[in-house]
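Participant: My structure is below; once you've seen it, I'll send some questions.
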Amino acid sequence: MVGGGGSPAVPRSADVAQLAGVSRKTVSRVLNNEPYVSDAVRQRVLEAAEELGYRLNNAARALASGRTRSIGVVALGTAGYGTASLLVAIEKAVRDSGYALRVVSTLDGEPDDIARAVDSLLEQGVDGIIVSEPVIEGEVSVRVDVPVLFLGAPSAFGGPRAVTAGVGADLLARAATDHLLDLGHQTVHHLAGPLRWYAARDRVEGWRAALAARGRHQPPLVEGDWSADSGYLAGRELAADPEVTAVFVSGDDMAIGLIHALTEAGRRVPHDVSVVGFDGNPVFAHVTPPLTTVRQPFDAAAGDGLRLLVHAIEKPDTQMPPASDPPVELVVRGSTAPPPSSPS
């Protein structure tokens, strides 16, 4: 497409409509992510827009709608597998919802850090905010005038519409513990993450619930810090107790450190001690022994949370739809087996 001066003309929505064989109103609906457009038509319009290099004028759209079509995320500034994977899943869900993403990271999730991050996002004019697994329990002193999604934690501050969505950590922890009990272990020890994290507490609750449901003894809790080093130190402690035959670990990295310490102490995994991790890091399918783990449903949790947040943004005067239960997936590999006293 060339203008009179020989330079490429800027494509218009009318050009997209003509190429896609639809009305300009349909193009507007698709590019504004409005309902009542079939998937086939939506795809045709998006392909036409891509072919023509058409980009909707975000500033004009914001002026017309009062929205910037952007969502802000308060994330933990860590490269840990679980935290990073959840952020990637959030990014995909936001993009699929037709919104732009703006991220502000905190170093340790302290209330003051979260408040500063939220204020920064509000200054950027976001339509909604996601708070992804804040670490510290406590009140966050911030005033918010947009909907907020708390993903993996309870509401830490209010707003016009605060919604919560879980990752099912307690159910995953219960499945991991039940797996070990089903193999014949009399009880299951637990290496927890740092208990100031909501995620670690949820896993502790699932472990306790599984033991209580079967009337099993609850051993003393051991606390790590998510690192393989802390798993190794805990493993040295647990290896000295001959009664330990099964351990549910709150993170895959800690589980690998624990297995290292058990093996070093002459406690074979899984022949003497069975170990289940948590997260589902695919790398640990290739260690010796391959790690049994529960896989966090990052995509499902982020997608369901975004569905609720977008509803709160776009339909503020309607009833909030119910949240969906995240899937529970146990990945059984080579680090679990019946206890040594059980017949083979």
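Participant: Round to the nearest 10 and give me the degree value, 0 to 90, for the angle of helix 81-96's Cα axis relative to the longest principal axis of the chain.
Facilitator: 20
Participant: When the Cα centres of the stretch 153-230 and the stretch 90-115 are compared, how far apart do they sit, in Å?
Facilitator: Measuring centre to centre over Cα atoms gives 25 Å.
Participant: Rounded to the nearest 20 Debye, what is the dipole magnitude of the stretch 169-296 about its Cα centre when Lys and Arg each give +1 and Asp and Glu each give -1 at the C-beta?
Facilitator: For the stretch 169-296, the charge dipole is close to 260 debye.
Participant: Give me the percent relative contact order of the stretch 73-158, please, defined on Cα pairs under 8 angstrom at least 6 residues apart.
Facilitator: Computed over the stretch 73-158, the figure is 31 percent.
Participant: Oh, and also: Between T245, T292, T318, find the one with the highest GNM mean-square fluctuation for the chain; connect C-alpha pairs within less than 10 Å.
Facilitator: T318
Participant: Got a sec to turn the phi values of the stretch 244-261 into Karplus ³J(HN,Hα) couplings, 6.51 cos²θ - 1.76 cosθ + 1.60 with θ = phi - 60°, whole Hz, x for Gly and Pro?
Facilitator: Per-residue couplings from phi come out as 6, 10, 8, 9, 9, 10, 6, x, 4, 4, 5, 4, 5, x, 5, 4, 4, 5 Hz.
Participant: Return the distance in nm (one decimal) between the two label points of a simple spin-label model at L330 and D229, each offset 7 Å from Cα along Cα→Cβ.
Facilitator: Each label point lies 7 Å from its Cα, and together they span 3.4 nm.
Participant: Quick one: angle between helix 298-314 and the longest Cα principal axis of the chain, in degrees between 0 and 90, rounded to 10, please.
Facilitator: It works out to around 40 degrees.
Participant: Which value, in Å², gives the accessible area per residue of the stretch 169-296 when a 1.4 Å probe is used on the protein heavy atoms?
Facilitator: Here the residues of the stretch 169-296 average 40 Å² of exposed surface.
Participant: Among A199, A162, A20, determine the one that fluctuates most according to a GNM of the chain built with springs between C-alpha atoms less than 10 Å apart.
Facilitator: A20
Participant: What shape does the chain have by the C-alpha gyration tensor, where a ≥ b ≥ c are the square roots of the eigenvalues, rounded means a/c under 1.5, and otherwise prolate means a/b greater than b/c and oblate the rest?
Facilitator: prolate
Participant: Compute the long axis of helix 39-52 from its Cα atoms, compare it with the longest principal axis of the Cα atoms of the chain, and write down the angle in degrees, 0 to 90, nearest 10.
Facilitator: 70
Participant: For the chain, what does -39500 (n - 2.57) per DSSP helix run (n ≥ 4), summed and divided by total residues, give at 222 nm, in deg cm²/dmol to the nearest 500?
Facilitator: It comes out at -12500 deg cm²/dmol, rounded to the nearest 500.
Participant: At a threshold of 8 angstrom on Cα-Cα distance, excluding pairs fewer than six apart, so keeping six or more, what relative contact order does the stretch 169-296 reach in percent?
Facilitator: So the answer I get is 25 percent.
Participant: Which parts of the stretch 186-217 would a label at S341 reach, counting a residue when its backbone N lies under 16 Å from a point 7 Å out along Cα-to-Cβ?
Facilitator: 186-189, 216-217
Participant: Long-range amide H contacts for T164: which residues qualify at under 5 Å (H placed 1.01 Å from N, peptide plane, sequence gap of 5 or more or a different chain)?
Facilitator: Under 5 Å from the amide H of T164: F150.
Participant: Just flag the GluC sites (Glu not before Pro) in the stretch 205-258 sitting in loop per DSSP whose Cβ has no more than 16 other Cβ atoms within 10 Å.
Facilitator: E243
Participant: Run the numbers for R216 and R24: contour at 0.36 nm per residue of separation, minus the present Cα-Cα distance, in nm.
Facilitator: 62.6 nm
Participant: Let me ask something else about it. For the chain, what relative contact order do you get, as a whole percent, if you take Cα pairs closer than 8 Å and at least 6 residues apart?
Facilitator: Once divided by the residue count of the chain, the mean separation gives 14 percent.
Participant: Report the FRET efficiency, 1/(1 + (r/R0)^6), for E50 and E205, where r is their Cβ-Cβ distance and R0 is 41 Å, rounded to 0.05.
Facilitator: Efficiency computed from Cβ-Cβ geometry: 0.30.
Participant: When the C-alpha atoms of the stretch 13-56 are aligned to their principal axes, what extent does each axis show, in angstrom, from largest down?
Facilitator: Cα extents, longest axis first: 24, 18, 15 Å.
Participant: Next up: Given springs between every Cα pair under 10 Å in a Gaussian network model of the chain, which of D202, D229, D317 has the largest fluctuation?
Facilitator: D317
The values are calculated or read from the model by the stated rules, or taken from the named source; none is laboratory data. Quick caveat: nothing in here was measured; it's all calculated off a predicted structure. Counting neighbours? That spans all protein chains shown, and the Cβs are built from the backbone with ideal geometry, glycine included. Please note that ligands, DNA and RNA were not included when accessible areas were found on the heavy atoms of the full protein model with its side chains. Shrake-Rupley method; radii C 1.70, N 1.55, O 1.52, S 1.80 Å.
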